[in-house]
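Shown next, in structure tokens, is the structure this report addresses.
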Amino acid sequence: MATALITHADCMKHEMGEFHPERPERLSAIHDQLIVSGIAGFVEHHDAPFAKMSELARVHTAEYIETIRMAVPRHGIVHLDPDTAMCPHTWNAALRAAGAAVLATDLVIGKRAENAFCAVRPPGHHATRHRSMGFCIFNNVAVAAKHALEHHGLERVAVADFDVHHGNGTEDIFSHDERVLMVGTFQHPFYPYSGADNPAPNMANVPLPAGTGSQGFREAVEYVWLPALERFQPRMIFISAGFDAHVEDDMAMLRFTESDYGWVTTQLKAIADRYAQGRIVSVLEGGYALSALGRSAVMHLRALGGF
Ligand SMILES: [Zn+2]
């Protein structure tokens, strides 16, 4: 079985304005680095389907989904908040992004792929049950995790989030849900200024001060994530794969390198091999320095695929 790479051309058409950092070129940067690194031929490519309304509705309220659908502009760009906007192609892109995560889950649980990475946008981990924010519209990773729990009947799943920003949307959706353990690292204090105060018992959050590099990240994973995952024994692991904590990414002030992304992926893979039949679905979140994003995604995929 191969590692699946799921994306769709519609995800390139979503635009939030000429100077917005969450831009289509992010996906081209990943694609280009896959080719340059020689690993494009080792992954199995799939086109993302549209997520079904019933799949989105496991995570978001019907009112919220309808509000987004109605807000899609015919021309130009409409802002949902100062950071998050929609163009005429956004609805399709958002459905493909969530649909990629659902397909990835089906492929991995159905043993048609060893594990999977979804190179999609818009990202998802800031989207709460009833609110878009921080470039995110639908919470792709949460849609996938709920699909594993409620469609496939897995008993419990883990979500690991190493984006530089706290995954407040995913936390909103899964707080106090005993079927889910979320482990996260994020710069703090920093946008969205959450995650550090009194999280639910199923949240293993590690706020990291600005300037934290490889050593601080790896200690957080070794001393907090891995013991929590060992205790929880997840039947599947979902990754919110944001690469914006990279030292070259000036969105924030953490100092990770691409080798850290390979390392953390290897750690998560070991847990998945022990408790979850190797099942991992990873979904792209942030990462705005194009070269660093592409190189980091390659290290992540190399670790997932073992090549
Ligand atoms: Zn981020």
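The values are calculated or read from the model by the stated rules, or taken from the named source; none is laboratory data. Keep in mind that this is a model prediction, so the values were computed, not measured. Cβ placement follows ideal geometry from the backbone for every residue including glycine, while neighbour counts extend to all protein chains displayed. Keep in mind that these areas ignore ligands, DNA and RNA; they rest on the heavy atoms of the full protein, side chains included. Shrake-Rupley method; radii C 1.70, N 1.55, O 1.52, S 1.80 Å.
Given the options 83, 106, name the one that is over 13 Å from the mean Cα position of the chain (by Cα), within 16 Å of the ligand (Cβ to nearest atom) and surrounded by fewer than 24 Cβ atoms within 10 Å (Cβ to Cβ).
Numbers: 106 fails: within 16 Å of the ligand (Cβ to nearest atom).
Matching residue, one of 83, 106: 83.
Only one of these is on the phi > 0 side of the Ramachandran plot and buried (at least 17 other Cβ atoms within 10 Å of the Cβ): 134, 99. Name it.
Details: 99 fails: on the phi > 0 side of the Ramachandran plot.
Criteria check complete, one pass: 134.
Please specify each residue of the stretch 298-307 satisfying the condition of being within 25 Å of residue 234 (Cβ to Cβ) and away from the ligand (no atom under 16 Å from the Cβ). Spell out the reasoning first.
The initial filter retains those residues of the stretch 298-307 that are within 25 Å of residue 234 (Cβ to Cβ), namely 299-307.
299, 301, 302, 303, 304, 305, 306, 307, listed by residue number.
Restrict the check to the stretch 30-52 and report whether at least one residue is in a strand (DSSP E or B), more than 21 Å from residue 135 (Cβ to Cβ) and without any contact (Cβ under 8 Å) to a residue 60 or more places away in the chain.
Going through the stretch 30-52, the residues in a strand (DSSP E or B) turn out to be 44-47.
Still in the running and more than 21 Å from residue 135 (Cβ to Cβ): 44-47.
Among the residues that remain, those that are also without any contact (Cβ under 8 Å) to a residue 60 or more places away in the chain are: 45, 47.
Yes: the stretch 30-52 contains one or more residues that are in a strand (DSSP E or B), more than 21 Å from residue 135 (Cβ to Cβ) and without any contact (Cβ under 8 Å) to a residue 60 or more places away in the chain.
Taking into account only those residues within the stretch 253-272 that are open to solvent by 10 Å² or more (accessible area, probe 1.4 Å) and among the aliphatic types (A, V, I, L, M), which is farthest from the ligand (Cβ to nearest atom)?
The extreme case among them is 270.
Is there a residue in the stretch 174-184 that is acidic (Asp, Glu), in contact with a Phe, Trp or Tyr (Cβ under 8 Å, 6 or more places away or on another chain) and either open to solvent by 10 Å² or more (accessible area, probe 1.4 Å) or within 14 Å of the ligand (Cβ to nearest atom) (or both)? Please lay out each step first, then the result.
Looking only at the stretch 174-184, we keep the residues that are acidic (Asp, Glu), and these are 177-178.
Now drop any that are not in contact with a Phe, Trp or Tyr (Cβ under 8 Å, 6 or more places away or on another chain), which leaves none.
Within the stretch 174-184 (the criterion being acidic (Asp, Glu), in contact with a Phe, Trp or Tyr (Cβ under 8 Å, 6 or more places away or on another chain) and either open to solvent by 10 Å² or more (accessible area, probe 1.4 Å) or within 14 Å of the ligand (Cβ to nearest atom) (or both)), the answer is no, since none of the residues qualifies.
Return the only residue of 148, 158 being more than 14 Å from the ligand (Cβ to nearest atom) and farther than 22 Å from residue 297 by Cα.
Numbers: 158 fails: farther than 22 Å from residue 297 by Cα.
Within the list 148, 158, the selection yields 148.
Whether any residue in the stretch 86-94 is away from the ligand (no atom under 16 Å from the Cβ) and within 14 Å of the chain's Cα centre (by Cα) is what I want to check. Can you show your working first?
The initial filter retains those residues of the stretch 86-94 that are away from the ligand (no atom under 16 Å from the Cβ), namely 86-94.
Still in the running and within 14 Å of the chain's Cα centre (by Cα): 94.
Yes, the stretch 86-94 contains a residue that is away from the ligand (no atom under 16 Å from the Cβ) and within 14 Å of the chain's Cα centre (by Cα).
Could you list, in sequence order, all residues of the stretch 273-297 that are more than 16 Å from the ligand (Cβ to nearest atom) and buried (at least 22 other Cβ atoms within 10 Å of the Cβ)?
Our first condition is that a residue be more than 16 Å from the ligand (Cβ to nearest atom); within the stretch 273-297, this holds for 273-281, 291, 294-295.
Across the stretch 273-297, the qualifying residues are 276, 279, 280, 281, 294, 295.
Looking at the stretch 202-223, I want the residues that are closer than 12 Å to residue 264 by Cα and have a partner that is among the aromatic types (Phe, Trp, Tyr) and outside any helix (DSSP H, G or I) with Cβ atoms under 6 Å, at least 6 apart or on another chain. Which pairs are those?
217/256
For the stretch 220-252, which residues satisfy the criterion of being in a strand (DSSP E or B) and either more than 14 Å from the ligand (Cβ to nearest atom) or not hydroxyl-bearing (Ser, Thr, Tyr) (or both)?
237, 238, 239, 241, 246, listed by residue number.
Checking residue 129 against (1) surrounded by fewer than 18 Cβ atoms within 10 Å (Cβ to Cβ); (2) within 20 Å of residue 278 (Cβ to Cβ); (3) under 18 Å from the mean Cα position of the chain (by Cα), which single condition isn't satisfied?
For residue 129, the exception is condition (2).
Pairs, please: C-beta under 6 Å, at least 6 apart or cross-chain, first residue on the phi < 0 side of the Ramachandran plot and in a loop (DSSP other than H, G, I, E, B) and in the stretch 149-164, second among the aliphatic types (A, V, I, L, M) and more than 16 Å from the ligand (Cβ to nearest atom)?
If the second residue must be among the aliphatic types (A, V, I, L, M) and more than 16 Å from the ligand (Cβ to nearest atom), the pairs left are 152/109; 154/148; 154/236.
Can you confirm whether residue 217 is more than 16 Å from the chain's Cα centre (by Cα), surrounded by 21 or more Cβ atoms within 10 Å (Cβ to Cβ) and either at negative phi or of a type outside the set (Phe, Trp, Tyr) (or both)? Spell out the reasoning first.
On the way: more than 16 Å from the chain's Cα centre (by Cα): yes; surrounded by 21 or more Cβ atoms within 10 Å (Cβ to Cβ): yes; either at negative phi or of a type outside the set (Phe, Trp, Tyr) (or both): yes.
Here the answer is yes, as residue 217 does meet what is asked.
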